[in-house]
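The values are calculated or read from the model by the stated rules, or taken from the named source; none is laboratory data. Values in this document were obtained by computation on a predicted structure and should not be read as measured data. When we count neighbours, we look across all protein chains shown, and the Cβ atoms used for this are built from the backbone with ideal geometry, even at glycine.
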Amino acid sequence: MENVDNKITMSDFLYAENASELFAEIDYLLKDGVHFQSQGTQIRCFIFIVRNDESLKLYYRHFFDVELTEKGEEPNNYFYLDFNGNNRGGISPRHRDIMKSEHVIIGFIIYKIIHIDRNIDIDSVQKLKEKIRIEYEDYKPGIYRLIAKSRNITPGNLNDNAIDLTVQSALEEFRKIGWIDLNRDEFSTLPAFNRLIEVYEDYILNIDETLSELK
């Protein structure tokens, strides 16, 4: 029954405009770790979340023991489900794979290139791969070790092609969860890319030391 006493309830969003059209998609994607922001094809879903955020927060808290969380300042705010570390609440573990260590490191390097070193003109995937291969030569052995560990192979069998493939797979993963926009050779970071800072703040604040440990 629709709420009639103006008190926000966990079911109010079900009666919102476009709920039958949008909520199922939003629900599946949130549980898979996707971050929603006012960007591209996400805009309609983002608006739905903004208009119904209080009701949705009650819903996810009550039924799944997770928090629908908003971060960032408008117009760069974004929403995601906070799984509180490894605690996934009542959400099935088949949702949202744990991010690979080598993808996290690639994320650190992208953050350093764009947001610390201010190479804001890097918007080509190919140029990004070349920059990481050439200017981060010292970090290759560490990246190789991370890749080898995840693949259960010997680091000595890896080369620059492995770096390129890892950058590409990292970008695909970041696109899937709403951290970047990726269109063939073009990419750009989205507001939700700042989630990397939130999750790994200590490592980001000491990014040179973190990357140096890969030497």
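Go through (1) more than 19 Å from residue 34 (Cβ to Cβ); (2) buried (at least 18 other Cβ atoms within 10 Å of the Cβ); (3) hydrophobic (A, V, I, L, M, F, W, C) and name the single condition residue 196 misses.
Here residue 196 meets the rest and fails (1).
Only one residue in 185, 160 is at pLDDT 95 or above and more than 18 Å from residue 29 (Cα to Cα), so which one is that?
185 is the lone residue from the list that is at pLDDT 95 or above and more than 18 Å from residue 29 (Cα to Cα).
Provide a single number: the residues in region 25-59 that are modelled with pLDDT of 95 or more and in contact with a Lys or Arg (Cβ under 9 Å, 6 or more places away or on another chain).
The number of residues fulfilling the criteria is 2.
Do the conditions hold for residue 114, that is, is it within 17 Å of residue 190 (Cβ to Cβ), among the hydrophobic types (A, V, I, L, M, F, W, C) and without any contact (Cβ under 8 Å) to a residue 40 or more places away in the chain?
For residue 114, the condition - within 17 Å of residue 190 (Cβ to Cβ), among the hydrophobic types (A, V, I, L, M, F, W, C) and without any contact (Cβ under 8 Å) to a residue 40 or more places away in the chain - is not met.
Counting only residues that are crowded, with 17+ Cβ neighbours inside 10 Å and touching a strand residue (DSSP E or B) at 6+ places or on another chain (Cβ under 7 Å), which one in region 144-178 is farthest from residue 127 (Cα to Cα)?
Per the stated criteria, the residue is 178.
Specify the residue that is nearest to the chain's Cα centre (by Cα); the eligible residues are those in region 164-212 that are outside any helix (DSSP H, G or I) and among the small types (Gly, Ala, Ser).
Looking at residues that are outside any helix (DSSP H, G or I) and among the small types (Gly, Ala, Ser), I get 178.
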